[in-house]
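First up is the structure itself, then whatever we jot down about it.
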């Protein structure tokens, strides 16, 4: 099922309550009936980062958002979850794979290596 949007990628109907979206001003990004987002964005941007010490995945020189297609579960540039994915408004077919970088692990000459 395709998700219908206006030209600027705002939803035509809210994905949670099906309310018709007619106000398309830039600052109107949530449904007035249920509070769900009505435009899918990357959550790796300044708009969604709560920790001031955490760096955003994207640097757009003043632009703090990255608008995605409505059915995108992850950002194609940084693999951050999309806003619709985070809010569980769309189906996500594949689980997130998280890479963990281990630091401080050293092998000495006395350690036995199992391979």
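Which one of these is surrounded by fewer than 12 Cβ atoms within 10 Å (Cβ to Cβ), at pLDDT below 95, in contact with a strand residue (DSSP E or B) (Cβ under 9 Å, 6 or more places away or on another chain) and farther than 16 Å from residue 3 by Cα: 43, 96, 25? Before the answer, list the steps.
Values: 43 fails: surrounded by fewer than 12 Cβ atoms within 10 Å (Cβ to Cβ); 25 fails: in contact with a strand residue (DSSP E or B) (Cβ under 9 Å, 6 or more places away or on another chain).
Result of the check over 43, 96, 25: 96.
I'd like the full set of residues that are closer than 17 Å to residue 81 by Cα and part of a loop (DSSP other than H, G, I, E, B), limited to segment 16-46.
Of the residues in segment 16-46, the ones closer than 17 Å to residue 81 by Cα are 36-46.
36, 38, 39, 40, 43, 44, 45, 46 - these are the residues of segment 16-46 that are closer than 17 Å to residue 81 by Cα and part of a loop (DSSP other than H, G, I, E, B).
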### Query
Identify, please: which residue in segment 3-15 is under 18 Å from the mean Cα position of the chain (by Cα) and either at positive phi or assigned to a loop (DSSP other than H, G, I, E, B) (or both) and is, among those, surrounded by the fewest Cβ atoms within 10 Å (Cβ to Cβ)?
8
### Summary
Checked against (1) closer than 23 Å to residue 4 by Cα; (2) over 14 Å from the mean Cα position of the chain (by Cα); (3) at pLDDT below 90, residue 66 satisfies every condition except (2)
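The values are calculated or read from the model by the stated rules, or taken from the named source; none is laboratory data. None of these values were measured; they are calculated from a predicted model. A quick note on method: Cβ atoms are made from the backbone with ideal geometry, for glycine too, and the neighbour counts reach across all protein chains shown.
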